[in-house]
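Okay, structure first, notes after.
The values are calculated or read from the model by the stated rules, or taken from the named source; none is laboratory data. Because the structure is predicted, anything quoted here is derived from the model rather than measured. When we count neighbours, we look across all protein chains shown, and the Cβ atoms used for this are built from the backbone with ideal geometry, even at glycine. Protein only, heavy atoms only, side chains kept; ligands, DNA and RNA dropped before computing areas. Shrake-Rupley method; radii C 1.70, N 1.55, O 1.52, S 1.80 Å.
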Amino acid sequence: MPMATMEFAQLCLDNALSCLDSPNKISYDVTAPINSTSSKQDGDVRMPQSSSIFVQAPPGNPLPAEEVANLRCSILALKSYVSLYHHDYLVALAYAEELLRQPRVSGAHKYLAHMYKAEALVALDRIGDAIQNLNPDNITDIGVTPSAESSPSPVERSDKNSERGNSEPPEDKRAAYPWSPKDLTQAKGIMTYNLAAAYAIRGDYEKASLYLSKSKTLAGMPLPAHMYYLKIYLELMQGHRKNVQNFIKDNFGHMAVNRLV
């Protein structure tokens, strides 16, 4: 009987990825207009609808091509996560980079790819590359649906609405389960904390303290325990023992603090 372990998860993810066709085999281009035989005017063009292209997925029903793309991104993100758990950092880095190269990738998957890539780079002692990867300004979306660059065009959306009819509401593609971080500001706060941790590992405690303060503002309350630990560590490494005592007294009043001798 298989057990619910990370090793079994890795096997399941390998099987899932092998069952999917290569993205190159799904031949559709959402950027190239094609002539529409049903256009009312000669100059009208229509974009090919990726949702009208179905991919065989036995033993289940065929899946729309865009859902297959989302499934592939989810598998790659999970494979990077499981590889990090197994300390296979080169493998985790490869899957995170492959996820970022996908033609149709959601903001949430991009966010996870950057986070997993940075963790792998830190473990490989490539701190400089990890710091460049952890730029909060690069995070502009954490939605679970593909971004505007890979979303259907306005012409395609209007065609779908006309085919669906006015009586039927548009399809809701929000996440079935709310995930954390809950919004873009909190996501940037968590990434900024990781940036502070990377600077701390490199020994740049002043920059680490600066980014830690920014992350506390962005993340909101309640703060994760890791931020308190990093704050104490940075103050101690900079020789600010008195600041540490005051910080512990303000935030952990139930704990006794030794007096300065």
Next item on the list: Report, by residue number, each residue of region 56-112 that is at pLDDT below 85, within 17 Å of N15 (Cβ to Cβ) and hydrophobic (A, V, I, L, M, F, W, C).
Entry: A57, L63, V68
Next item on the list: Check whether at least one residue in region 162-172 is at pLDDT 75 or above, farther than 21 Å from N133 by Cβ and surrounded by fewer than 18 Cβ atoms within 10 Å (Cβ to Cβ), and report yes or no.
Entry: no
Next item on the list: Looking at (1) out of contact with any strand residue (DSSP E or B) (no Cβ under 8 Å at 6 or more places or on another chain); (2) among the polar types (S, T, N, Q); (3) open to solvent by less than 20 Å² (accessible area, probe 1.4 Å), find the lone condition where S106 falls short.
Entry: (1)
Check: Quick check: anything in region 74-82 outside any helix (DSSP H, G or I) and at negative phi?
Finding: no
Notebook entry, point to check: Restricting to region 114-142, what's the tally of residues that are surrounded by fewer than 23 Cβ atoms within 10 Å (Cβ to Cβ) and not in a helix (DSSP H, G or I)?
Noted result: 8
Item checked: Meets criteria (open to solvent by less than 40 Å² (accessible area, probe 1.4 Å) and assigned to a helix (DSSP H, G or I)) for A94 -> no
